[in-house]
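To start, the structure under review is shown below, and the notes come after it.
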Amino acid sequence: MKAILRIFLMSAGLLALAAQGAPTVQIKGGHTSIGVSEDFLLQLDGCDVTRVKPGVVKPGVERMRFPVSGGALDLEYLEGEVDHRGGINIDCAAIVGQVTIENLRIDAIQDEEDEIRPMITALVSIDDSVIGRIDFAAPGGAEFEVLTQGNVVQLRKASLSLAEEAREFLKIVLDLDLPENLLVGEANSRINIKTAKDDDHPGNGFAKGKNKGEDSDQEDDEDDEEEDES
């Protein structure tokens, strides 16, 4: 995660804030959209995938979208996390029990070689009984890039490989024999950074008449079209 956050911070020009006595940048919102790979969909053939609100699952499960609920980035140590709300339910007819994967978090883990690397973790449940948080997918890929404009940071074209812990979990619970390093899909994140102006005008960060965490289908489609064109 340090490597990704270092690129993110330098690209956003946020490292300069640390010298001004503001080592931590708060995240106030945004979303992550995942274009699901054909290989992953093929492995889930025969299973029903539905959304956990306020997440969005497009027809055919070709794209999933989750709102960013918050988080923080520490500019001094170049560490942090990005939290999401919503998720998916996976129900395979031949297997008793429904698996829920929700509240994704872009996080950092320490591997066996004491290296810090990025990981998307998720809270998992079986039939509404919480099991705990596990490694879900590892972001990476040669085309990963960071774009910034004002207080908006975009993490784009991150290839997501299914984590070993998630693969073992789905094998045990749903009897899904998934290949190692299965490509889950490509993720694009739009992260809104809290600024001093937000502190002067706190508000609730949502448009009038719109409930927290809700996104219209039109906005979803516009964001998806923008990502597909890039």
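Points worth noting:
- Candidates Asp135, Asp48, Asp107, filtered to the one that is part of a strand (DSSP E or B), touching an Asp or Glu at 6+ places or on another chain (Cβ under 6 Å), surrounded by fewer than 16 Cβ atoms within 10 Å (Cβ to Cβ) and not polar (S, T, N, Q): Asp48
- Residue list for region 36-45, filter: farther than 16 Å from Gln98 by Cα and buried (at least 17 other Cβ atoms within 10 Å of the Cβ): Val36, Ser37, Phe40, Gln43
- Among all positions in region 116-132, there is at least one residue which is closer than 18 Å to Ser161 by Cα, open to solvent by less than 60 Å² (accessible area, probe 1.4 Å), modelled with pLDDT under 95 and touching a helix residue (DSSP H, G or I) at 6+ places or on another chain (Cβ under 7 Å).
- Matching residues in region 141-181 - criterion: being closer than 18 Å to Arg63 by Cα and in contact with a helix residue (DSSP H, G or I) (Cβ under 6 Å, 6 or more places away or on another chain): none
- Matching residues in region 82-98 - criterion: being among the β-branched types (Val, Ile, Thr) and under 18 Å from the mean Cα position of the chain (by Cα): Val82, Ile88, Ile90
- Identification of helices (runs of 4 or more DSSP H) wholly contained in region 145-230 with 3 or more residues that are surrounded by 18 or more Cβ atoms within 10 Å (Cβ to Cβ) and modelled with pLDDT of 90 or more yields 164-174.
The values are calculated or read from the model by the stated rules, or taken from the named source; none is laboratory data. Nothing here was measured: the structure is a model prediction, and the numbers come from that model. With ideal geometry, Cβ positions are generated from the backbone for all residues, glycine too; neighbour counts draw on all protein chains shown. To get the accessible areas, we keep the full protein, side chains included, count just its heavy atoms, and leave off ligands, DNA and RNA. Shrake-Rupley method; radii C 1.70, N 1.55, O 1.52, S 1.80 Å.
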